[in-house]
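Before any comments, here is the structure.
The values are calculated or read from the model by the stated rules, or taken from the named source; none is laboratory data. Since the structure is predicted, the reported quantities are computational estimates derived from the model, not experimental observations. Counting neighbours? That spans all protein chains shown, and the Cβs are built from the backbone with ideal geometry, glycine included. Just the protein is used for accessible areas: all its heavy atoms, side chains included, with ligands, DNA and RNA removed. Shrake-Rupley method; radii C 1.70, N 1.55, O 1.52, S 1.80 Å.
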Amino acid sequence: MAKYIFVTGGVVSSLGKGIACASIGLLLKARGLKVTLQKLDPYINVDPGTMSPYQHGEVYVTDDGAETDLDLGHYERFTDLTMSKDNNVTAGRIYYSVITKERQGEYLGATVQVVPHITDEIKRAMKKVAGDHDVVIVEVGGTVGDIEGLPFLEAIRQLRNELGMDNALNVHLTLVPYIRAADELKTKPTQHSVGKLREIGLQADVLLCRTERPFSESVRNKIAQFCNVAPEAVIQALDVQDVYEVPLVFNQQKLDDTILRMLRLDRPQHDLVHWRSHVVERALNPQREVTIAVVGKYIQLQDAYKSIYEALKHGGLAHSASVRVKRIDSEQVEREGASQVLHDVQGLLIPGGFGHRGIEGKLAAIRWARETKVPFFGICLGMQCAVIEFARHVCGLVGANSTEFDANTAHPVISLLEEQQGVMTKGGTMRLGASRCQVQRGTLAHQAYGSEEITERHRHRYEVNNRYRDAFAKAGLVVSATHEPGDLVEMIELPDHPWFVAGQFHPEFKSRPLTPHPLFRDFVGACLQVEAPAASRKS
Ligand code: GLN
């Protein structure tokens with residue numbers, strides 16, 4: 001039977017609950033336990049697929065094609081486990097299935113209520129992921145006290161009663177702020193937050209205290225006493241230089257020992273030697289540095305391209321290099337010109353995206369990279385833009401465009417597959433999740449993957465229009481990977497350029513710190529070959 005660790009947050013949001021859960025997952029997996037993680041999101045959207053990156057950050061796509069919360073990205077990156085649609089459940093999905101059942105008469109005339117019907121449905125979702133796992137880590141989004149979160153916390157209370165006290169525990173992530181005027185760390189917000197949990201019937205067993213300064217034994221004891229938690233279960237989650245240090249910080253304070261003891265599990269120690277040497281030490285002591293521009297639409301938002309930034313970092317780790325990302329709004333390229341904005345970078349990445357705003361800036365940036373031979377990596381919309389740029393400026397297809405940007409072009413180079421096949425539909429269907437691609441030998445793509453058969457995750461509607469394939473080939477564009485059936489273009493590259501590669505899929509979702517994605521690894525490698533412009537060279 002699986003044991004459960006419920007992780008809630010208190011005081012304020014953005015304390016890094018997802019990273020904390022992922023770190024616990026890594027620690028327990030290292031101890032030889034079969035672990036899985038689940039994110040419960042209290043909002044009413046059925047999934048985050050339609051939510052703006054401005055509000056929600058990146059939409060993370062799993063192998064099975066679920067559009068999920070970006071915390072699932074942290075889970076997969078830290079633990080290298082594979083998440084599925086069941087690992088992310090929103091209040092909307094819970095309500096949706098309860099209401100569907102009600103309409104189908106499944107409740108036999110009962111009054112359908114939050115307790116027990118919604119809470120039962122939440123418990124069912126939590127049990128569904130248990131399978132043959134030893135431990136399920138369940139993260140509840142939001143902070144304690146949110147109205148939306150209540151049914152989830154009530155479901156956790158009930159499930160813990162059903163499982164028995166030794167088979168579940170509550171981890172609470174909280175903040176211990178430093179107040180400058182008093183020169184003191186304050187425990188009161190933590191006390192309040194734990195008290196709030198207790199009101200709902202949940203006693204915290206472990207406290208992860210985010211703090212910018214290390215706290216003394218007396219602070220630790222005070223928190224333990226006032227919050228009714230064992231002193232060794234009060235963990236200092238000190239700010240770290242690199243997120244990948246978090247598991248080591250927890251391990252150093254024996255968090256995994258404490259959890260195992262509380263859950264009455266016995267597994268040998270593990271020193272995380274690989275993680276320490278191949279991830280953390282490399283991240284903290286880079287031998288080289290490279291600056292790469294990411295030109296996108298949601299640039300001011302830290303989380304909108306989360307997996308891209310992480311994958312670039314992994315690519316750097318493979319070369320013991322640190323990747324400095326210069327985030328550029330594509331509209332700035334439109335206003336100021338590509339060479340003005342990009343002169344100090346050694347590589348250009350164009351990430352995925354939707355809608356036409358900022359497209360011209362991306363095209364200008366790609367043209368600059370193609371002509372100045374600076375390494376370029378296009379992802380999804382980034383590949384579509386590269387194809388449009390090539391069609392316009394190399395093939396001379398004047399006005400070459402995509403339906404997404406211009407519905408009037410007769411045969412857009414990028415368009416909905418249904419349109420290419422003469423079937424008119426509205427909106428098109430999204431291609432989601434993992435699918436296989438065939439890689440051509442003798443290409444940069446094949447050099448990176450070392451394989452003719454790859455699997456990558458997709459999230460897009462538009463495809464390269466195959467009617468232009470011959471024209472592209474004649475002008476020197478190589479299609480380096482395709483998808484059967486349909487011979488869809490999955491990857492392109494330019495042989496007369498040091499590294500100009502783009503893919504219709506999202507490789508960033510499959511990159512891990514210990515196993516950097518081969519395309520990100522080779523892209524960063526190619527950027528490192530470019531001599532840093534004098535302006536950004538270190539003196
Ligand atoms: N908007 C484009 C499409 O739907 C690209 C999608 C993406 O970059 N994820 O095909």
### Query
Name the GluC sites (Glu not before Pro) in the stretch 106-169 that are in a loop by DSSP and that have at most 16 other C-beta atoms within 10 Å, would you?
106, 148
### Query
What angle do you read, to the nearest 10 degrees and between 0 and 90, between the alpha-carbon axis of helix 217-227 and the longest principal axis of the chain?
70 degrees
### Message
Between 0 and 90 degrees, rounded to the nearest ten: what's the tilt of helix 17-30 against the longest Cα principal axis of the chain?
### Response
80 degrees
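For the stretch 143-227, what is Rg from Cα atoms divided by 2.2 N^0.38 Å, rounded to two decimals?
Working it through for the stretch 143-227, the quotient is 1.21.
Can you tell me, using C-alpha contacts under 8 Å and at least 6 residues apart, the relative contact order of the chain as a whole percent? Walk me through the numbers before you get to the answer.
Working: 1101 pairs, mean separation 78.6, N = 539.
That works out to 15 percent.
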### Query
When the solvent-accessible surface of protein heavy atoms is calculated with a 1.4 angstrom probe, in what order do 86, 256 fall, highest first?
86, 256
### Message
5 Å is the cut-off here: which amide hydrogens, built 1.01 Å from N in the peptide plane, fall below it relative to residue 9, excluding neighbours closer than 5 in sequence?
### Response
144, 173
### Task
Please work out the Cα center distance from the stretch 305-376 to the stretch 433-457, rounded to the nearest Å.
23 Å
### Query
Within the set 3/326; 127/306; 34/188; 188/297; 186/254; 3/222, which residue pairs have Cα atoms separated by over 32 Å?
3/326; 34/188; 188/297
### Task
For residue 474, go through the aspartates and glutamates and keep the ones whose alpha-carbon is under 17 Å away, minus same-chain ones fewer than eight residues off.
389, 493, 496
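May I ask for the equivalent-ellipsoid semi-axes of the chain, computed as the square root of five times each C-alpha gyration tensor eigenvalue and listed largest first in whole Å? Mind dumping the intermediate values first?
Working: eigenvalues 381, 163, 81 Å².
After diagonalising the Cα gyration tensor, the semi-axes are 44, 29, 20 Å.
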### Task
Sort the following peptides by mean Cβ neighbour count (other Cβ atoms within 10 Å, averaged over residues), highest first: 364-372, 167-175.
167-175, 364-372
### Task
Please calculate how many Å² of accessible area the stretch 1-65 carries per residue, with a 1.4 Å probe and no DNA, RNA or ligand atoms counted.
32 Å²
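Per the Kirkwood treatment, what hydrodynamic radius in Å, one decimal, follows for the stretch 292-361 from the mean inverse distance over all distinct Cα pairs? The partial results should precede the final answer.
Numbers: mean 1/r = 0.0793 Å⁻¹.
Taking every pair of different Cα atoms in the stretch 292-361, averaging 1/r and inverting gives 12.6 Å.
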### Message
Suppose a student asked you for the relative contact order of the stretch 222-291, using Cα pairs under 8 Å spaced at least 6 residues apart; what percent would you report?
### Response
27 percent
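For residue 531 and residue 239, what does the FRET efficiency come to when R0 = 35 Å and r is the distance between their Cβ atoms, rounded to the nearest 0.05?
E(calc), rounded to 0.05, equals 0.50.
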